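J.: Pasting in a structure now, in structure tokens, and then I'll have a few things to ask.
Coordinate-derived values only; no laboratory data. Note that the structure is predicted; figures quoted are calculated from it, not measured. In this analysis, Cβ positions are derived from the backbone assuming ideal geometry, glycine residues included, and neighbour counts consider all displayed protein chains.
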Amino acid sequence: MLNFQNNIIMNKDNNQAEKESSKKSAKGKIGIVVSDKMDKTVVVKVDRLKMHPIYRKKYKVSKKYKAHDEENKFKEGDKVMLIETKPMSKEKKWIAREIESV
């Protein structure tokens, strides 16, 4: 009986550890910097492919995001990764990061 209770407690601890390690990571997008004229902010254009619901043809859709750039190190044309974060201002909800090459 005591062994059975110990197993249940250990299983609960393992499940809790699995839940903590499997938390969702922050969402990310990859895009190109199109403007770096603001202080500590860059505008990044993100392209994605979308499929037409009737004709099934894929077409490109672009969207611009304002992202935080603490050190003002990104310039126009740089490829960056956007990491979602809590809102820093009305439109700025992303942080720009360098893309790690593998």
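J.: Going by C-beta contacts inside 10 Å, put Met51, Met81 in order with the fewest on the left.
T.: Going from sparsest to densest Cβ surroundings: Met51, Met81.
J.: Using a 10 Å cut-off around each Cβ, can you sort His52, His68 from fewest to most neighbouring Cβ atoms?
T.: His52, His68
J.: A further question follows. What is the packing order of peptides 53-59, 31-37, 85-91, taking the mean over residues of other C-beta atoms within 10 Å and listing the highest first?
T.: Highest to lowest by the protection proxy: 31-37, 85-91, 53-59.
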